[in-house]
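Scroll down for the structure; my scribbles are underneath it.
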Amino acid sequence: MRILVMLITLVMWPAPLVATDNSFRERSFVRALDLFDAAQTPELYRQSAEEFESILVDGYRNGAVYYNLGNAYFRAGEYGRAILNYRKAQAYLPRDPYLKANLQQAIAAAPGKLAIPPQPWWSHILFWTAWMSFPAKVFMCGVALCGSPLVMLIAVIARMPRLSWLAAALLAIGLIAGADVALNNAEAASKQRAVITGETIARKGTGYSYEPAFDQPLRDGAEFRVLNATADWTLGRFEGIGDGWIRNEYVAR
Amino acid sequence: MNPFLRILVSLLLALPASRSLAFQAPEIRVGLSAEEIFAGESVDYTVEIRNTENPAAPDMSALRDLFEVVATGDQSRNQSSTTIINGRVSQSTYLSHVYQFRLTPKQPGELQIPAPTATVDGKPLTGRKPSLRVLVPEPQDLVLVEMNSSHLKVYPTQPFTVNLTILVQPLPDNASTDPLRPLRRQPPHIEVNWIDTPDHLSAGDKYQWLQPLLARDSTGFTLNDVSASSGSFFFGESRAAVLDLSKGRETRNSPDGTPRDYFKYELSRTFTAETFGRIPLGPAVVKGAFVSEIGRDGYRAKKVVATAPAIEIEVREVPLPRPTNYCGGIGDFTVDAIARPTKLRVGDPITLTVRLQRAGDSGSLDLISAPDLSSNEQLAADFELIDKDPTGRVDGVTKEFSYVVRPKRADVSIPALSIATFDPLAEAFKQIGTAPIALEVSEAVGLNSVDLIGSVSSSTSGLKSRSEGIFQNITDPAALRDERVGWVAWSELVAVAWAVAGATSAVVLLRRRHASDGGLQRRQLAKRNANKRLGAARSALSRGDSKLAMREVRSAVIGLIADARNRVSEGLTATDVEQVLAAANVTEVDRSAIKKLLESIEAHEYGAGLPTDPKSAIDEASAWLRRVAPLLEHGA
């Protein structure tokens with residue numbers, strides 16, 4: 001019983017599982033906000049964006065920082081980077097109406113916007129996927145997968161066979177949430193999602209000698225999925241037009 | 001000899017000349033692809049500099065008085081080899097660098113090509129002076145060649161079309177048949193220098209341009225080095241591509257003034273000037289055997305060379321001074337503007353999209369930069385212009401710029417915007433403008449979700465709970481929680497939960513199973529109960545009740561067997577006991593002893609005398625119990 005109590009405590013309080021050291025991040029956050037408020041030119045907004053970027057070291061992730069970063073890049077006129085960071089923020093602030101509006105605004109303003117890919121088939125089944133944040137999905141999956149065996153244990157100890165239905169339901173919820181987490185893995189998606197940051201020509205190979213992949217250059221804000229990457233080039237799949245290699249200096253991920 | 005060694009020796013023997021060349025003095029060798037050409041044609045000229053490393057390009061200035069000189073590339077032909085025979089290393093090096101040029105004579109006649117010069121190790125080198133005979137085409141009216149351009153003076157990004165027109169007299173006996181049809185075995189050839197896009201010009205893809213012109217029945221002209229195979233173009237292949245350039249008929253006056261009907265052929269290409277300057281195009285040469293008369297054995301052909309003089313395209317710079325709102329557009333453009341949203345509050349952002357649309361053959365959109373809206377005084381007074389120089393986006397014939405502006409006060413609208421472009425036909429700047437856009441701008445008393453950018457639905461409750469406004473940052477440092485997912489911690493937690501629950505459940509179920517198994521419980525208690533009975537026997541004996549003591553000894557032995565095998569003790573006889581013990585691999589000695597003990601106790605029950613001392617019987621039974629009980633437990 002003592003173990004049971006310990007497990008429940010751990011499940012209900014997962015925050016200490018992740019090391020936190022927010023003091024320097026808070027200082028950078030405030031400094032970036034000050035720079036943003038004082039900025040009048042794209043260059044100053046870019047400085048604010050760099051300060052926000054400095055918060056995201058060591059794999060740190062935060063929806064508010066991504067959102068602010070998107071705003072800074074938008075004001076700096078870098079629509080591609082703005083779109084990229086708004087998209088990253090969406091995983092953590094899925095129901096934020098301002099984020100949604102700003103993302104659409106950035107897409108509308110981006111000179112290189114491409115066709116929007118169709119919703120994947122499973123998004124219709126996992127209908128709540130755009131409603132829950134990624135950490136919440138992971139939490140739900142973890143709690144359900146931990147709760148299922150514990151409820152089953154209670155059912156065994158207390159001789160309450162009806163509780164096994166609850167355990168099965170929790171297991172089903174955990175597995176479905178796990179599938180949702182796997183399909184909408186924000187951390188994996190951030191490695192696969194990329195955007196063009198300037199006008200460049202996609203090529204059919206990793207070199208300037210290769211033929212252009214498309215009949216027009218790609219421009220700031222063209223989103224694509226990363227298929228492969230080398231030290232200098234990235235192979236991307238562009239919705240509606242195909243695949244092409246792009247120099248890494250024109251790619252933000 | 002070792003094959004590897006043999007190859008090395010062969011290589012060594014094959015390169016004695018080159019080995020010796022490495023020690024020869026530097027020299028220049030020139031080569032010419034033809035000794036005789038017609039005026040307007042070009043000849044390939046190579047300059048090879050030998051026996052020096054990385055030579056500088058030769059000085060061709062001496063040739064430019066007589067020729068148009070175009071460099072077509074250079075390549076190093078250095079070779080070096082190392083051979084090892086029986087441990088002896090020898091090296092040979094051949095140094096050569098070839099520069100290639102295309103020469104187009106500026107005048108006819110017997111021309112001696114001036115020698116190119118190069119400086120090697122500070123010493124000037126000079127090559128030989130080959131001769132080239134440039135023939136003037138004979139006057140004739142069988143084939144006429146003309147070249148012209150839609151514009152001889154253009155501005156950057158303005159397209160122009162170059163036409164090469166070839167007129168060929170009809171066949172002597174059939175005025176309606178294409179005069180090139182009898183020439184299908186050896187079609188006439190066109191030589192012109194704008195098939196590959198000249199410097200400072202841009203044009204569409206060469207393959208796409210020529211592909212539709214490919215003749216299906218080999219009636220037409222061959223062109224430069226354009227070759228075809230299975231309907232596709234491959235430059236440098238052996239079979240020349242034949243192009244169908246037929247454009248109908250045209251009447252021209254012959255030298256004696258009489259009108260003459262010609263078949264017309266035309267090759268056209270549209271270029272766009274990229275930089276300022278003068279660009280020569282041509283001359284063009286058409287040569288081949290054309291049908292001139294009919295004889296007894298059929299058509300008779302005459303070798304003809306016809307040329308069209310070169311033309312020069314002047315690319316001019318857009319004149320100065322230029323209007324302050326000049327956007328860089330050259331050509332015929334229209335402009336309009338769209339603002340979204342049109343209903344908003346002071347301070348809310350508006351996306352103002354300015355779209356410049358190009359008319360049919362106007363210049364490229366690439367040179368158009370974002371119009372400077374801050375030069376519009378009314379717009380600058382009423383709106384805050386956030387992004388003054390947005391990146392343009394080209395979509396077909398339209399280039400659009402998306403500005404973000406914020407109204408500074410209520411009741412303002414987007415004024416008409418005026419943008420200057422340059423009209424190359426009129427050679428003057430032209431003002432084009434947008435219509436004013438009416439807005440409904442109210443005071444910013446508070447945000448209303450309905451009034452935000454149209455992408456947000458009115459049912460979104462979250463809009464009412466925050467007051468920062470769109471594009472405002474999240475400023476609460478409390479929002480800075482680390483939202484990384486602790487994959488390892490979660491995995492461990494789930495694994496521990498399943499392991500603990502599984503283990504605990506297994507223990508509980510096992511204990512329950514034991515609790516509900518009577519046979520198991522009897523077996524586990526068999527030895528203890530037997531010892532208890534022996535204890536009772538000892539008690540009875542101490543009280544002097546030896547009969548009871550012997551009965552307890554029997555109960556202990558029978559009880560052990562019954563409990564160990566989950567059988568009813570009352571029905572067990574000495575023989576049954578012996579069988580059970582035999583099945584449990586109890587030794588013969590123990591079996592006999594216990595059987596004997598049980599039989600004597602049973603006999604005593606039925607009136608016989610005591611077979612043995614009760615105390616000895618108890619001790620014997622106790623010792624027997626210690627030996628046999630483990631066998632019975634394991635054999636259960």
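Please treat every number below as a calculation from the coordinates, not as lab data. Because the structure is predicted, anything quoted here is derived from the model rather than measured. We place every Cβ from the backbone using ideal geometry, glycine too, and count neighbours over all the protein chains shown.
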Q. Using alpha carbon coordinates only, what is the Rg to Rh ratio of region B:290-399, with Rh defined as the Kirkwood radius?
A. 1.42
Q. How far is the Cα center of region B:75-103 from the Cα center of region A:74-97, in Å?
A. 59
Q. Just how large is the dipole of region B:112-243 about the Cα centre, in debye to the nearest 20, putting +1 at every Lys and Arg Cβ and -1 at every Asp and Glu Cβ?
A. 340
Q: Quick one, could you list the DSSP H helices from chain A stretching 15 Å or more along their long axis (Cα atoms) with average Kyte-Doolittle hydropathy of 0.0 or above?
A: A:2-12, A:97-109, A:134-157, A:163-183
Q) Counting other Cβ atoms within 10 Å, which trypsin sites (Lys or Arg not before Pro) in region B:299-367 have at most 16 and lie in a DSSP loop? A) B:316
Q | Pairs of alpha carbons in region B:350-405 whose separation is greater than 14 Å (percent) | A | 54
Q) For the protein assembly as shown, what size does the Cα cloud have along each of its three principal axes, sorted from largest down, in whole Å? A) 170, 100, 67
Q. Can you tell which of B:54, B:475, B:330 lies farthest toward the positive end of the dipole of chain B, using +1 and -1 charges on the Cβ of basic and acidic side chains (Lys, Arg; Asp, Glu)?
A. B:475
Q: Report, in degrees rounded to the nearest 10, the 0 to 90 angle that the Cα long axis of helix B:3-14 makes with the longest principal axis of chain B.
A: 20
Q.
Residue by residue through A:100-113, how many Cβ atoms from other chains fall within 10 Å of the Cβ on average?
A. 5
Q | On Cα atoms only, tilt of B:588-605 relative to the major axis of chain B in degrees | A | 40
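Counting Lys and Arg as +1 and Asp and Glu as -1, each charge on the Cβ, what is the dipole of chain B about the Cα centre in debye, to the nearest 20?
Working: 72 positive and 76 negative charges, 735 e Å.
Using only the charged Cβ atoms, the result is roughly 3540 debye.
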Q) Which of A:157, A:196, A:107 moves most in a GNM of chain A, Cα contacts under 10 Å? A) A:157
Q) Mean shadow of region B:57-212, computed from the convex hull of its alpha carbons, in nm²? A) 18.3
Q. What is the mean number of Cβ atoms from other protein chains located within 10 Å of the Cβ atom of each residue in peptide B:498-508, rounded to a whole number?
A. 5
(Q) Name the residue from A:236, A:111, A:146 whose Cα lies farthest towards the positive end of the charge dipole of chain A, charges +1 on Cβ of Lys and Arg and -1 on Cβ of Asp and Glu. (A) A:146
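Report, in debye and to the nearest 20, how large the dipole of region A:62-149 comes out about its Cα centre when Lys and Arg carry +1 and Asp and Glu carry -1 on their Cβ.
Using only the charged Cβ atoms, the result is roughly 100 debye.
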Q | Between region A:123-177 and region B:155-217, the Cα center-to-center distance that results, in Å | A | 75
Q. Suppose R0 equals 51 Å; then what is the FRET efficiency for residue A:172 and residue B:153 from their Cβ-Cβ distance, rounded to the nearest 0.05?
A. 0.05
Q: Would you work out which of B:213, B:625, B:364 lies farthest towards the positive end of the dipole of the protein assembly as shown? Charges go on Cβ: Lys and Arg +1, Asp and Glu -1.
A: B:625
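Could you give the semi-axes, largest first, of the ellipsoid that matches region A:98-253, computed as the square roots of 5 times the alpha carbon gyration tensor eigenvalues and rounded to whole Å? Before the final figure, lay out each step's value.
On the way: eigenvalues 403, 53, 28 Å².
Working through the eigenvalues yields semi-axes of 45, 16, 12 Å.
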